[in-house]
There are 2 protein chains.
Amino acid sequence: MPAANRPTSRDVAQEAGVSQSTVSLVLGGKWAGRISPGTAAAVQEAAGRLGYRPNQAARNLRLGTTRTVLLMVPTLTAPFFGAVYAGAARVAAEHGFGIVVYPWPENAGPADSPFAAPGEAIDGILASSMPVQVLAPFQGTPVVMLDSDPAGPVPTVDFAVADGMRAVAAHLGALGHRRIGHVAAAIGQWTFRERGEALAAAVRALPGGAYGRQEAALDVGAAKDAALRLLDGPLRPTALVCDDDLMAAGAYKAARARGLPVPGGLSVTGFDDLQLATALEPELTTVRLPAADLGAHGMAALLELLEGRRPVPRSLPGELVVRGSTAEPPA
Amino acid sequence: MPAANRPTSRDVAQEAGVSQSTVSLVLGGKWAGRISPGTAAAVQEAAGRLGYRPNQAARNLRLGTTRTVLLMVPTLTAPFFGAVYAGAARVAAEHGFGIVVYPWPENAGPADSPFAAPGEAIDGILASSMPVQVLAPFQGTPVVMLDSDPAGPVPTVDFAVADGMRAVAAHLGALGHRRIGHVAAAIGQWTFRERGEALAAAVRALPGGAYGRQEAALDVGAAKDAALRLLDGPLRPTALVCDDDLMAAGAYKAARARGLPVPGGLSVTGFDDLQLATALEPELTTVRLPAADLGAHGMAALLELLEGRRPVPRSLPGELVVRGSTAEPPA
DNA sequence: CTGTTAGCGCATTCAA
DNA sequence: TTGAATGCGCTAACAG
């Protein structure tokens, strides 16, 4: 018997000397001009005294909703998504919603039925950094996509990643860099395509600018290899722009392997501004992406959607944070 | 109207030509010797055909349980806890349970009532790496604590952190280190007390062993300062043992600030083996803590508890991972 | 202004 | 071996 015997709305009604429906109205906040202020106050007070909390299960059954949304993320072992969750959870809590997290495709295992576990009892979905196709099994459920192609069929909240990359290119360009290598994430996602296109265009717009590109999986070792290919290739880059802070760590390793000091011999930039950015030595010049804000605005948009309104697409600005990993190119 | 009209058990009953209660019995798996195999099969088949999934809200209301557990973690923006969640969620899903995460005290804000958001509708609690006191508002709810004092009043699943620290000390001792500094987390938690005591004892047990200790908050900058105090102090350590990988990154910075190469001039060790450990240069010698296993075993223990059994306390072994940050002390 | 009533979908007695 | 009836706690339509 897990649940202690909590007071019900009937108990409150009895305590306040009114009927159960009156309690429901008052506590539901919709008694404006239907219940006398005196009675309302009495009910509130009785509820407080008893420590009454409505039974969610009953509420859900009656209303046909759950006040729960699903947050789909590619993985939870990346701190970025922890921040997204935190932001979303804060807004959700303010509106009496809960969030259940679903790492996809990490859990794409048994598939007895898609989403056996959390698939039930969901009012809406927040899907971060994934292809639209994964939402196919959820036809009809309101969805807001985060960090995804705003041209898609569902409402989105995004980062202005293109602006971020342009800021990186401008910063590097002002320092005097012209031959710039891109350690790109080998992930077919809007956010990375966007970064790549923006960077390539910006670098090529530099007088004498030359852009090179190598792709790698999102981990240190693969990024190091890609950086090495760039350093050993024909471009002879003086700066390496990485799609993400973790990849920048790989670039540091590549630089060290070739005897190039950062930033004296090679400038390196990241993207995200995770804790890792300041753990590295030297500290990383990177673009700060407000992950918590992404979650918060996404949740707000989903709430609008659930109320029947159409949320306007939003794009959150990133901010270039200049630290110790960028300097003038070697003479 | 968020929820599409899903079939109910009544629909299944109609489809199978039986009564609703029969459906309930069959699908509940308790028809052994009460329903004829033929009828049972017909019901199963009808349910499958209709794609029937029981309505959780109704089920919860009737049963008084929620098949949901609360996972309390200090923060979600640390990848360690993401892994704990993933492990717990996997086991939970196998048993038809869901998990809602609650970062505490991050959300300890409004406090209109303790845990307004997720406090309802919870069958049990998994609390990782926190003091017992935070569970005071949840008297009566089954709890399993993770990474906490096993001598406490509730069932626990832990890491053998003391063994881990002894392995670190043995490794360092074998390399020839005698003067060992401890960059300790300034957090009053069992897991850190345990680490500190084990390390101090193990170092002092070394012939000629000397132990020094400085505390710092769990971030890079504070850890760097603490490491600096150790390096500048009377101990003149040849190795710095850190309570956590992030603090080790701070120790790297301190070493660099004093012109000491790692590992040639100073050996450094961490704890946890997060992604950061291999992002650093040189890669970090550390103790791998199986975070996902912690979550998995914790969830299993909680399920036992919910079934009325008393889970046996468990301690998961850590593993020393020797990488490039430790070497013989300078001559 | 307030109370009575019905029913959300399910598991479970009890009667047949 | 099965079906009819009941109620979990809540909200909302309808009466008074």
Q. Within region A:36-56, is there a residue that is within 14 Å of chain B (Cβ to nearest Cβ), near DNA strand C (Cβ under 8 Å from one of its atoms) and either touching a Ser or Thr at 6+ places or on another chain (Cβ under 9 Å) or of a type in the set (Gly, Ala, Ser) (or both)?
A. no
Q. So which residues in region A:169-195 are in a helix (DSSP H, G or I), over 27 Å from the mean Cα position of the chain (by Cα) and among the hydrophobic types (A, V, I, L, M, F, W, C)?
A. A:172, A:174, A:175
Q: Within region A:296-311, work out how many residues are within 16 Å of residue A:154 (Cα to Cα) and touching a residue at least 12 places away in the same chain (Cβ under 8 Å).
A: 11
**Q.** In region B:122-164, the residues that are aromatic (Phe, Trp, Tyr) and over 30 Å from residue B:285 (Cβ atoms)
**A.** B:138
Q) Does residue A:22 satisfy the condition of being under 35 Å from the mean Cα position of the chain (by Cα) and more than 7 Å from DNA strand D (Cβ to nearest atom)? A) no
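Only one of B:83, B:46 is assigned by TED's automatic domain parsing to the domain that holds residue B:104 and part of a helix (DSSP H, G or I); which?
Numbers: B:46 fails: assigned by TED's automatic domain parsing to the domain that holds residue B:104.
Of B:83, B:46, the one residue that is assigned by TED's automatic domain parsing to the domain that holds residue B:104 and part of a helix (DSSP H, G or I) is B:83.
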Q) Which residue out of A:251, A:291, A:257, A:279 is within 12 Å of another protein chain (Cβ to nearest Cβ) and surrounded by fewer than 22 Cβ atoms within 10 Å (Cβ to Cβ)? A) A:257
Q: Count, please, the residues in region A:160-177 that happen to be touching a residue at least 12 places away in the same chain (Cβ under 8 Å) and surrounded by fewer than 22 Cβ atoms within 10 Å (Cβ to Cβ).
A: 10
Q: Name, by its number, the condition in (1) more than 8 Å from DNA strand C (Cβ to nearest atom); (2) touching a Ser or Thr at 6+ places or on another chain (Cβ under 8 Å) that does not hold for residue B:27.
A: (1)
Q. Mind checking whether some residue in region B:231-239 is more than 13 Å from chain A (Cβ to nearest Cβ) and under 28 Å from residue A:219 (Cβ atoms)?
A. no
Q. Tell me, which residue of region A:57-89 that is facing another protein chain (nearest Cβ under 7 Å) and open to solvent by 50 Å² or more (accessible area, probe 1.4 Å) is nearest to residue A:25 (Cα to Cα)?
A. A:61
**Q.** Which listed residue is surrounded by fewer than 20 Cβ atoms within 10 Å (Cβ to Cβ) and in contact (Cβ under 8 Å) with a residue 24 or more places away in the chain, from B:199, B:206
**A.** B:206
Q: Filter region A:6-23 for residues that are of a type in the set (S, T, N, Q) and more than 7 Å from DNA strand C (Cβ to nearest atom) and give the result.
A: A:8, A:9, A:14
Q. Would you call residue B:89 away from DNA strand D (no atom under 12 Å from the Cβ), part of a helix (DSSP H, G or I) and at pLDDT below 85?
A. no
Q. Can you name the residue in region B:16-36 that is assigned to a helix (DSSP H, G or I) and modelled with pLDDT of 90 or more and is also most open to solvent (accessible area, probe 1.4 Å) among such residues?
A. B:20
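The values are calculated or read from the model by the stated rules, or taken from the named source; none is laboratory data. Bear in mind that the values here come from a model prediction, so they are computed numbers and not experimental data. Note that we place each Cβ from the backbone using ideal geometry, even for glycine, and neighbour counts take in every protein chain shown. These accessible areas exclude ligands, DNA and RNA; they are computed on the full protein's heavy atoms, side chains included. Shrake-Rupley method; radii C 1.70, N 1.55, O 1.52, S 1.80 Å.
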